[in-house]
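Here's the structure we're looking at; comments come further down.
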Amino acid sequence: MVLNPVISKLSGKLVVLASASPRRLEILTNIGLRFEVVPSWFKETLDKTLFKMPYEYAVETAKQKALEVAQRMPFKHLKTPDIVIGADTVVTVDGLILEKPVDKQDAYHMLSRLSGKEHSVYTGVAIVLCHERQGKSSKIHCFLAPPPTPHPRVGVFLQKVNTCRISYRSLYFILDRDKAGGYGIQALGGMLVEYVKGDFLNVVGFPLNHFCKQLEMIYNSPLESPSHKMKREDSGGTDGPCSPVNSLSKVTENGEVSNFNSSDSAGQTPVPEQNVVGPECAKCNNEGFPHKIVDLLDGFKASKTLFTACKLGVFDVLSDSEGLTVEEVADKIKASVLGTERLLEAAVSLENTEQASRFLVLDSPLSLCGYILHCNDLVWPLFTHLESAVREGTNQYERAFGKKTENLFQDGYFRKDDIKMRFMNAMHSVAKVTGKDVATAFDLSSFKTACDVGGCTGAMAYEFTKAHPGLSVVVFDLPPVIEMRSHFQPKEQDDRVSFIAGDFFKDELPKADLYILSRILHDWSDDKVHELLSKLSKACTPGCGLLVSEIFLDEERSRPSRALLQALSMTEGRQRSAAEYSDLLTKHGFTPVHTQCTDNLLDAMLFVKEDPNVDKTLQILSSESVVVT
Ligand SMILES: C[S@@+](CC[C@H](N)C(=O)[O-])C[C@H]1O[C@@H](n2cnc3c(N)ncnc32)[C@H](O)[C@@H]1O
């Protein structure tokens, strides 16, 4: 089996691991897979008595974990993944299923039960293909790592203890509350393990080899391409598309797991006959239950939890020192112990730590804290007046903050230095996270000078000069912004970025052969946009470039919701689709050349100023290579 090509099939896809397990994360990272971690909220509470065999339970739990994330992400994270991977590991002994212990005592009991006994470890895995539909549901491949023949057991054996019985103290030392069965084979628990029959990584928590074989089956075999297989299963399934929880169909009479898509003894992977468990009925994925609505009901609590944790510096404290107690965290953030405990529990249930340390720690390079605090202090109060905003069709700044605003920037964001800093921090953090993707969206090598119109702190400009060694960028923004620029200067000085203060509606724009409008046009009405574009059009000679970076709505104006939610608190601006931006710009002699959806916070579109004397078709052709004439 050639693994890399299988993994490369996933490049460009949004792959999500629905598990917070660092072991699974490490195993998948080590093979070069790019994925996001979104831990599942599915509670591991399926009724074990409903399953004939223990591994059915692991597979079903894996499936439910993956499904929960697949269903939540479009709402909570405002994006639909391509693939969600769920996994669940259980240990079985004496007919009992052992999961993660609830506490140390439980872990101790589990480990003592395993001591000296052969037991089995099963990791069920589910791959949910979110864009492959079966009926109304995502397509799901569930499997269990191939069991060694003749018995479906992947065994790990603890040392016999008649001579070296594990002492109470050693057990306490070794036990791990975070792992099924109470021990981690890759950690201290490994000291007890005499040998493993079967796939070691399956015992660790993720059967990598079998996972890759599954992917190969899904993506590489022409006969097994997702759509082809779906048809076959539709027509010939024995269990139908839905297997109830208590009868996962892949169990043979003697309890073997070959129907879970296991390999045969020669190591060949047979065509899976029934590995797809399409959750079409309420019993399978509980379609009758309004998951999305319930998530939305709680959405505001989740946002406010994130805002508060950020504002109190919880993620900073946690990233500074490891192994803090709740009391210590409470002390550091100057909050009550009970409140801190609740906040930590809620925050942990919402966010994975890897992303928290990258995006939620104040001084991390890609920190989103600036934007989060802006959402907390400015956007949140505006949204508390949403009903009035809808009734009146106006921004609620005055109601929320007691100040009238003719111009949101001058009268709102810049009315006090601390408010201005908060606004600039917000713009800066988003520009840092999205800037590289916008700057590298197109080949801009033919442009030598650029003007970032409304470029704020210069964060975007620095990303452009970093990405294009031949380019220098002048940041043009209002005087109150430009005067604060020194607060945001990068550590490494870059002379190719300079700043000019001015008003883009009133003052002359600096000369450049590329103009950047990042998050500018959505703030203004069509009339104001025309006013600005007409100025830009006059400033541009034929061949000049104009790069617009915004969230582009789809043609139906139905996605992404991020843009539509933002519009609810807008003043005079509006969110637009790429086609709507094109319409506005072509009226001023700008021809669209490329559109790039970056899968980041902002998309980008490149336009070139037409030469009125040259035939339009020829211009579009020549502008494909963005020739500056
Ligand atoms: C939404 S922010 C976008 C900042 C930056 N382009 C980015 O993408 O991070 C809008 C910027 O336009 C600036 N701006 C608003 N009105 C302006 C005007 N009349 N002239 C110049 N800049 C203006 C604001 O000061 C602010 O920095």
### Task
Over the stretch 2-93, average the accessible area per residue using a 1.4 Å probe and give it in Å², no decimals.
39
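What's the carbon and sulfur percent of the stretch 349-485's accessible surface, probe 1.4 angstrom, rounded to a whole number?
With neighbouring chains kept in place, the figure for the stretch 349-485 is 52 percent.
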### Task
Would you please put 554-561, 15-22, 343-350, 543-550 in order of how densely packed they are, using the mean number of other Cβ atoms within 10 angstrom per residue and starting with the highest?
543-550, 15-22, 343-350, 554-561
### Message
So, for the stretch 313-393, what is the accessible surface per residue at a probe of 1.4 Å, expressed in square angstrom?
### Response
58
### Message
About the Cα centre, and with charges only on the beta carbon of Lys, Arg (+1) and Asp, Glu (-1), how big is the dipole of the stretch 517-606? Nearest 20 debye, please.
### Response
220
### Query
Where in the stretch 526-541 does the label zone of D583 land, with the point 7 angstrom along Cα→C-beta and an amide N cut-off under 12 Å?
526
### Length released on extending from A467 to D363, taking residue separation times 0.36 nm less the Cα-Cα span
35.2 nm
### Query
How much of the accessible area of the stretch 46-101, in percent, comes from carbon and sulfur atoms when a 1.4 Å probe is used?
54
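May I ask you to list the trypsin sites (Lys or Arg not before Pro) in the stretch 420-518 that are in a DSSP loop and have at most 16 other Cβ atoms within 10 Å of their Cβ? Don't skip to the answer; put the middle values down first.
Values: sites: K420, R422, K432, K436, K448, K466, R485, K491, R496, K506, K511; in loops: K448, K491, R496, K506, K511.
When the trypsin sites (Lys or Arg not before Pro) of the stretch 420-518 are filtered for loop state and at most 16 Cβ neighbours within 10 Å, K448, K491, K506, K511 remain.
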### Message
Cα atoms only: what Rg and Dmax, in Å, come out for the stretch 447-490?
### Response
10.3, 30
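Would you mind getting the accessible area per residue of the stretch 417-464, heavy atoms of the protein chains only, 1.4 Å probe, in Å²?
On the way: 1400 Å² over 48 residues.
Per residue, the stretch 417-464 has an accessible area of 29 Å².
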#### Entry: In Å, descending, principal axis extents of the Cα set of the stretch 494-563
39, 32, 25
### Query
Using a 1.4 Å probe, how large is the accessible area of D417, given in Å² and rounded to the nearest 10?
100
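The values are calculated or read from the model by the stated rules, or taken from the named source; none is laboratory data. Everything numeric here is computed off the predicted structure, so don't read it as measured data. Ideal geometry is used to build each Cβ from the backbone, glycine not excepted, and the neighbour counts take in all protein chains shown. Just so you know, the surface numbers come from the protein's heavy atoms only, side chains and all, with ligands and any DNA or RNA stripped out. Shrake-Rupley method; radii C 1.70, N 1.55, O 1.52, S 1.80 Å.
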